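**Q** What follows is a structure written as structure tokens; I'll ask about it next.
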Amino acid sequence: MAQPQSAFVPDQSGFEGLGMFSSDVTANRSATTISQTLKAKGLAVRVRVNGSSTILGRSIEPGDIAPEFVFSSVRTYEKIIRDFRLYSIAKAYFDGEMTLAGPFNEAIEVLYTINVSFDRPQSTTERYKLLLSRGLSNIIPAFAKRFESDAHYSMNAEAYRIFLGDSMQYTCGRFPRGNETLDEAQSAKFAFIADLVSHHLGELANAKHLDIGCGWGGLVGFFRQHFHTISVGNTNSASMEQYAKNEFGADIILGDFSRLRHLGNPVDFITIVGMAEHLTSRRRTELFNTASRLLMPNGLVYFQCIGKPDVWIGGDAYRIAFEDVFPGHYLEKPEDMEERFRACGFEILYKQDDAKDYARTTALWVHNLQVNQERIEKLIGDRNYRVLVGYLAFGSKLFSVGRGSLMRYVLRKTNLM
């Protein structure tokens, strides 16, 4: 009888991938390497297809529950195992060719180890395409002002409310106690910003405030209601503008931030929270030059942005974010941000890296996604759900181990531009 193209032995605890029957020599060699890598880290994953399974990594005892990668077919398994890295696994998961079962957090640990061990840096072709795209953004105004991530932000707002909370903040909260709920953490962030700003400006009531990149308007609405500021938001997402007006009664200026330079009256302080990640280096400089023109003398900017840490993983994790979540996003190191602040006429009054807060925020988002999976899938579809839960869970892991930076600054305008 002819041997089938590929088959699996029955489930065997502690099996290290060497007993899989397959005509694909490359796949078997790859499975062996992966198994040895996971075993060295004390990790295990059950690979399952067509009702049969095997263990890669450390031996597991009877009764232990290992995370499972469940492949839709043997052919899919062989295709992915040959190129077993974060990128290929994530794409298979997003596209429904592979599902995750068992302990989800342990599956993320396995994926993190795979990413660190088998990541591929940007190729020459990738770097060239990225430089070309950024070059076009620098020389063609219409190209620069495109909101490349609009499709991500324009998904059903109710789905976002379910996992983000009532404040609709798709940015890092603040956890002074460490056990805050999401809404408590976002309220704590608002209070934190207000305290920092009022420390330098004094009473906030009737202070003129502009929130650039206001999203769904939660921060604008909160500041108006609780601190009695004269707050206006700015977004280039029409769906976000409508939500902000309807749900928070927010005053919104729709369009690219560059149009703000024509505002007549200067403002006392500006907030820029989780928006600059969508801008190239040159556009960030334009943003801060615009902020300087809009501010009163000695006016303040509260700036919050993801930064690139020293232990950056810039291959597959970056590719996935760029292709499936935030096209056009750009990260730079804190020292590069700070050099720009000074060049644009700002001094730094406060600086803090709160990566742990971001790890906690994203972990709570993932929890809400998982417990509300059915509702959210009905609103945005299966694939969009998997993209959200996958990238946020992996991001939470990266920030929890110092491979992500969440920078908070208070800046003061020191000269007139």
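**Q** When only residues in the stretch 376-387 that are surrounded by 15 or more Cβ atoms within 10 Å (Cβ to Cβ) and in contact (Cβ under 8 Å) with a residue 40 or more places away in the chain count, which is farthest from SER88 (Cα to Cα)?
**A** In the first step, residues of the stretch 376-387 are kept if they are surrounded by 15 or more Cβ atoms within 10 Å (Cβ to Cβ); the result is 376-377, 379-380, 384-387.
Retained after the next criterion (residues that are in contact (Cβ under 8 Å) with a residue 40 or more places away in the chain): 376, 379-380, 384, 386-387.
Values: ILE376: 25, LEU379: 26, ILE380: 23, ASN384: 17, ARG386: 15, VAL387: 14 Å.
Here the answer is LEU379.
**Q** Being surrounded by 21 or more Cβ atoms within 10 Å (Cβ to Cβ), more than 15 Å from the chain's Cα centre (by Cα), within 23 Å of VAL273 (Cβ to Cβ) and not hydroxyl-bearing (Ser, Thr, Tyr), is that true of even one residue in the stretch 342-351? Give the steps one after another, and end with the answer.
**A** Applying the first criterion (surrounded by 21 or more Cβ atoms within 10 Å (Cβ to Cβ)) to the stretch 342-351 yields 344, 346.
Those still in the list that are more than 15 Å from the chain's Cα centre (by Cα) too: 344, 346.
Adding the requirement that they be within 23 Å of VAL273 (Cβ to Cβ) leaves 344, 346.
From what is left, the residues that are not hydroxyl-bearing (Ser, Thr, Tyr) are 344, 346.
Scanning the stretch 342-351 turns up at least one residue that is surrounded by 21 or more Cβ atoms within 10 Å (Cβ to Cβ), more than 15 Å from the chain's Cα centre (by Cα), within 23 Å of VAL273 (Cβ to Cβ) and not hydroxyl-bearing (Ser, Thr, Tyr).
**Q** For HIS209, indicate whether it is touching a residue at least 40 places away in the same chain (Cβ under 8 Å), closer than 24 Å to MET240 by Cβ and assigned by TED's automatic domain parsing to the domain that holds GLY255. Write out each step before concluding.
**A** Values: touching a residue at least 40 places away in the same chain (Cβ under 8 Å): yes; closer than 24 Å to MET240 by Cβ: yes; assigned by TED's automatic domain parsing to the domain that holds GLY255: yes.
When the stated conditions are applied, HIS209 passes them.
**Q** Condition check: touching a helix residue (DSSP H, G or I) at 6+ places or on another chain (Cβ under 6 Å), in the same structural domain as GLU347 (by TED's automatic domain parsing) and not in a strand (DSSP E or B). Does ARG284 satisfy that? Give the derivation first.
**A** Working: touching a helix residue (DSSP H, G or I) at 6+ places or on another chain (Cβ under 6 Å): yes; in the same structural domain as GLU347 (by TED's automatic domain parsing): yes; not in a strand (DSSP E or B): yes.
Against the criterion (touching a helix residue (DSSP H, G or I) at 6+ places or on another chain (Cβ under 6 Å), in the same structural domain as GLU347 (by TED's automatic domain parsing) and not in a strand (DSSP E or B)), ARG284 qualifies.
**Q** Please tell me if SER137 is under 21 Å from VAL325 (Cα atoms) and at pLDDT below 85. Full working, then the answer.
**A** Values: under 21 Å from VAL325 (Cα atoms): yes; at pLDDT below 85: yes.
So SER137 fits the description; yes.
**Q** Which condition from (1) touching a helix residue (DSSP H, G or I) at 6+ places or on another chain (Cβ under 9 Å); (2) loosely packed, with under 15 Cβ neighbours inside 10 Å; (3) under 25 Å from HIS278 (Cα atoms) is the one that GLY178 breaks?
**A** Failing condition for GLY178: (3).
**Q** Can you pull out the residues in the stretch 54-73 that are polar (S, T, N, Q), surrounded by fewer than 20 Cβ atoms within 10 Å (Cβ to Cβ) and closer than 23 Å to LYS91 by Cβ? Steps first, please.
**A** Taking the stretch 54-73 and keeping what is polar (S, T, N, Q), we get 54, 59, 72-73.
In the following step, the residues that additionally are surrounded by fewer than 20 Cβ atoms within 10 Å (Cβ to Cβ) were identified as 59, 72-73.
Within the stretch 54-73, SER72, SER73 qualify.
**Q** Look through HIS199, HIS226 and report the one residue that is of a type outside the set (Gly, Ala, Ser), free of Cβ contacts under 8 Å to residues at least 12 places away in the same chain and outside any strand (DSSP E or B). Write out each step before concluding.
**A** Details: HIS226 fails: free of Cβ contacts under 8 Å to residues at least 12 places away in the same chain.
Exactly one of HIS199, HIS226 is of a type outside the set (Gly, Ala, Ser), free of Cβ contacts under 8 Å to residues at least 12 places away in the same chain and outside any strand (DSSP E or B), namely HIS199.
**Q** Cβ-Cβ distance below 9 Å, separation of 6 or more or different chains: which pairs start in the stretch 158-172 with a residue that is outside the structural domain of PHE248 (by TED's automatic domain parsing) and end on one that is surrounded by 21 or more Cβ atoms within 10 Å (Cβ to Cβ) and among the charged types (D, E, K, R)?
**A** none
**Q** Got a number for residues in the stretch 40-74 being more than 28 Å from the chain's Cα centre (by Cα), small (Gly, Ala, Ser) and assigned to a strand (DSSP E or B)? Talk me through it step by step, then tell me what you get.
**A** Of the residues in the stretch 40-74, the ones more than 28 Å from the chain's Cα centre (by Cα) are 40, 48-65, 73-74.
After this cut, where a residue has to be small (Gly, Ala, Ser) as well, the list is 40, 51-53, 57, 59, 63, 73.
After this cut, where a residue has to be assigned to a strand (DSSP E or B) as well, the list is 52-53, 57.
So the count comes out to 3.
The values are calculated or read from the model by the stated rules, or taken from the named source; none is laboratory data. These numbers come from a predicted model, not from an experiment. Heads up, the Cβs are rebuilt from the backbone with ideal geometry, glycines too, and the neighbour counts pull from every protein chain shown.
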